[in-house]
């Protein structure tokens with residue numbers, strides 16, 4: 001009897017700890033009161049509505065979207081050929097290449113942000129937007145390489161070798177044989193990169209200027225000054241967005257196969 | 001396997017050069033600042049850094065919180081992973097989904113929730129006062145306890161996932177066999193489960209430990225300037241004190257620990273592939 005109760009009790013407690021706080025944020029964002037509190041005082045949609053009217057949130061949302069989409073696409077443009085070279089070619093210095101593209105996962109983001117600020121933004125005059133773009137691209141690169149490499153490893157290489165033997169050019173074989181077969185992996189890498197980039201804080205801490213900052217950094221700044229439920233509302237909205245994307249990806253792609 | 005080296009390099013170089021230019025070069029330059037004084041190589045910045053008691057406190061606190069979070073995550077992680085692995089397949093998949101779900105939510109949102117829970121008028125204090133355990137609200141926010149709770153919630157999923165895959169490779173009969181032979185649950189864990197899942201524990205432990213050591217948001221929101229950790233100290237050194245040398249020292253410490261953890265992980269991965 002005690003054994004049969006063990007699993008449900010443990011799992012209930014752990015889930016309350018892991019997911020409970022998220023429900024509190026959701027509940028707090030429907031509050032009618034003026035300060036963040038739980039249980040919420042009354043019910044209203046005013047904080048959720050307010051999120052859309054705060055100018056800085058709209059700006060930083062656009063910045064974060066641009067970084068997450070543009071950065072991830074760029075990382076894929078760099079990462080797919082590199083993964084292909086590492087899995088299908090006798091690549092000289094392949095360990096060095098592998099190490100270089102995986103460093104962004106090992107080095108804490110805050111250090112990268114600071115290094116870019118100190119050596120590119122201040123002395124060279126690189127714009128904050130461009131520095132953010134480079135940092136977010138580099139950050140996503142290891143994920144892109146890892147996920148794409150995994151799907152290349154699952155694809156038998158004799159398929160494109162056969163295509164080449166049958167007279168296709170190497171490039172043609174890549175676009176007609178390889179690419180259609182790793183489409184799922186590329187989409188999975190895109191989603192993983194998007195979520196990672198969008199939620200990223202440390203790398204962008206030092207990279208913010210007038211009118212240019214990412215959404216999470218903007219939220220951190222806002223909550224230091226104002227203690228109303230609008231950050232809760234925004235957090236809840238963003239969480240639903242992430243969960244929605246991942247859920248859809250899992251449903252239609254079997255996302256978890258690739259990650 | 002294609003043999004053309006030029007083609008291979010042409011494919012791989014853009015990514016490698018990009019990572020080197022955007023990442024490796026500036027970071028190495030930053031780190032070198034901590035070893036230089038008036039164009040001479042020296043360790044004086046490190047001596048200076050550790051001679052200040054605040055810095056020592058922050059350094060030790062970061063190690064301590066990292067270790068405590070890892071330990072707690074291991075204990076809770078085993079209990080959770082064992083419970084999940086014993087579920088029927090359908091329920092198991094759903095539970096794993098629920099464990100992974102928080103990883104998709106912004107850490108800012110996840111940490112922010114704890115303000116509502118742990119604050120002066122938060123749920124915990126409301127409950128304690130309602131039960132009559134205390135008349136004055138406890139101060140939980142801006143203490144090490146708050147940072148500990150926040151970090152544990154943030155990184156526990158990584159431990160659970162690592163342990164689930166380790167436990168799934170446990171031979172099916174190992175635990176029942178040990179029970180039949182008279183081992184109690186403590187002995188079963190210590191003599192059977194732990195040795196057979198050590199790899200998963202090390203993988204999860206490394207992820208949790210490095211994650212906690214290099215966390216910024218949790219100590220920033222739940223610890224504030226009262227409970228500084230290395231990353232929040234680094235931020236303060238740059239923005240408040242404008243001290244890049246000290247920031248470089250902290251950066252080096254963080255990178256060394258991060259690399260050490262990664263090398264350990266890679267060793268374990270390759271050792272597993274060989275067997």
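The values are calculated or read from the model by the stated rules, or taken from the named source; none is laboratory data. For clarity, every value in this text was computed on a predicted model and none was experimentally measured. Glycine gets a Cβ as well: all are built from the backbone with ideal geometry, and neighbour counts include every protein chain shown.
Quick look at the values:
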| item | result |
| --- | --- |
| Segment A:41-58, subset surrounded by 12 or more Cβ atoms within 10 Å (Cβ to Cβ) and within 22 Å of residue B:123 (Cα to Cα), residue farthest from the other protein chains (Cβ to nearest Cβ) | A:44 |
| Extreme residue, nearest to the chain's Cα centre (by Cα), among residues of segment B:156-173 that are over 18 Å from residue B:97 (Cβ atoms) and either surrounded by fewer than 16 Cβ atoms within 10 Å (Cβ to Cβ) or within 14 Å of chain A (Cβ to nearest Cβ) (or both) | B:169 |
| Wholly enclosed helices (runs of 4 or more DSSP H) of segment A:75-176 bearing at least 1 residues surrounded by fewer than 24 Cβ atoms within 10 Å (Cβ to Cβ) and more than 18 Å from the chain's Cα centre (by Cα) | A:94-106, A:128-153, A:158-165, A:170-173 |
| Every residue from segment A:209-227 that is surrounded by fewer than 18 Cβ atoms within 10 Å (Cβ to Cβ), closer than 21 Å to residue A:37 by Cα and more than 10 Å from chain B (Cβ to nearest Cβ) | A:221, A:225, A:226 |
| Single unsatisfied condition, residue B:191 versus (1) touching a helix residue (DSSP H, G or I) at 6+ places or on another chain (Cβ under 9 Å); (2) farther than 25 Å from residue B:72 by Cβ | (2) |
| One residue from A:182, A:186 being away from chain B (no Cβ under 12 Å), surrounded by fewer than 20 Cβ atoms within 10 Å (Cβ to Cβ), at pLDDT 90 or above and over 11 Å from the mean Cα position of the chain (by Cα) | A:186 |
| Residues being surrounded by fewer than 16 Cβ atoms within 10 Å (Cβ to Cβ) and either touching a residue at least 40 places away in the same chain (Cβ under 8 Å) or assigned by TED's automatic domain parsing to the domain that holds residue A:211 (or both) - total across segment A:1-40 | 3 |
| Filter result (in a helix (DSSP H, G or I), more than 10 Å from chain A (Cβ to nearest Cβ) and free of Cβ contacts under 8 Å to residues at least 60 places away in the same chain) within segment B:238-259 | B:256 |
| Residue match in segment A:69-79 (condition: facing another protein chain (nearest Cβ under 7 Å), under 30 Å from residue B:17 (Cβ atoms) and touching a strand residue (DSSP E or B) at 6+ places or on another chain (Cβ under 9 Å)) | no |
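Here's the yes/no breakdown for (1) within 15 Å of residue B:156 (Cβ to Cβ); (2) in a helix (DSSP H, G or I); (3) more than 11 Å from every other protein chain (Cβ to nearest Cβ):
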site: B:63; (1), (2), (3): no, yes, yes
site: B:74; (1), (2), (3): yes, yes, yes
site: B:79; (1), (2), (3): yes, yes, no
site: B:87; (1), (2), (3): no, no, no
site: B:98; (1), (2), (3): yes, yes, no
